[in-house]
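Reading through the structure tokens given below for one structure.
The values are calculated or read from the model by the stated rules, or taken from the named source; none is laboratory data. Just so it is clear, the structure is predicted and the values come from calculations on it, not from any experiment. All Cβ positions, even for glycine, are placed from backbone atoms using ideal geometry, and neighbour counts span all protein chains on display.
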Amino acid sequence: MSSSRSFPRRLLAGVAALAASTALAVGLASPAQGQEGRPLAVYQIPALGLHVSGLVVPGPYFASVVARATVTPGEVNISAPADPTICSGSAAGSHVTVNYLNLTTGKAGEVTVKPCPTYLDPTPLNVNEKTGSGQIAVSIRVTNSAMSPNAGQPSLPGAGTFHAP
């Protein structure tokens, strides 16, 4: 009789031990970094640039902005990553310049990022910018770099908006 009563106790003890070890593992896990934060919805019309592949075939390059919340309120991580096919052609040396205006506070600024991680240029891939909390309006431009003056050109600007926490 005692063995039938001890099974539920052992099962309960096993479940409790599993729950405790899971809670400990979750508690000890390292916190997410600021730039790897929650992505923000960016409603946008991307900037349009020219991309010429290695086969000398022209095509469009759409530069879209990616905004992520950081751990600091009012700070946003801004990037404009490009597809690997774009990074293997003439637009690899281009930059993306993002002008922003916080419609809530009036704070304005500009950041420039490079879309291709393989391009040797000191411009960062992403920037943590203190935009302030509120609705942010952005203009997006494909610009050239000092190392590639014709990269991504000719181009047309884009625009968008997102809400910064």
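Please tell me if residue 130 is assigned by TED's automatic domain parsing to the domain that holds residue 44, in contact (Cβ under 8 Å) with a residue 40 or more places away in the chain and of a type in the set (Lys, Arg).
Spelling it out, residue 130 is indeed assigned by TED's automatic domain parsing to the domain that holds residue 44, in contact (Cβ under 8 Å) with a residue 40 or more places away in the chain and of a type in the set (Lys, Arg).
Of the conditions (1) in contact with a strand residue (DSSP E or B) (Cβ under 6 Å, 6 or more places away or on another chain); (2) farther than 16 Å from residue 135 by Cα; (3) at pLDDT 90 or above, residue 35 satisfies every one except a single condition; which number is it?
(3)
Quick one: in the range 104-145, of everything that is of a type in the set (S, T, N, Q) and assigned to a strand (DSSP E or B), which residue is farthest from residue 49 (Cα to Cα)?
135
Hey, can you tell me all the residues within the range 126-158 that are of a type in the set (A, V, I, L, M, F, W, C) and either more than 17 Å from the chain's Cα centre (by Cα) or surrounded by 15 or more Cβ atoms within 10 Å (Cβ to Cβ) (or both)?
If the condition is that a residue be of a type in the set (A, V, I, L, M, F, W, C) and either more than 17 Å from the chain's Cα centre (by Cα) or surrounded by 15 or more Cβ atoms within 10 Å (Cβ to Cβ) (or both), then 127, 136, 138, 140, 142, 146, 147, 151, 156 are the ones that fit.
Within the range 85-103, identify whether any single residue is touching a Cys at 6+ places or on another chain (Cβ under 7 Å), assigned to a loop (DSSP other than H, G, I, E, B) and within 26 Å of residue 163 (Cα to Cα), and answer yes or no.
no
Looking only at the range 56-78, how many residues end up being surrounded by fewer than 20 Cβ atoms within 10 Å (Cβ to Cβ) and assigned to a loop (DSSP other than H, G, I, E, B)?
7
For the list (1) over 23 Å from residue 55 (Cβ atoms); (2) crowded, with 16+ Cβ neighbours inside 10 Å, I need the number of the one condition that residue 93 fails.
Only one criterion in (1) over 23 Å from residue 55 (Cβ atoms); (2) crowded, with 16+ Cβ neighbours inside 10 Å is unmet by residue 93, namely (1).
Filter the range 111-123 down to residues that are out of contact with any Leu (no Cβ under 7 Å at 6 or more places or on another chain) and exposed (fewer than 13 other Cβ atoms within 10 Å of the Cβ), then give me how many there are.
Final tally of qualifying residues: 3.
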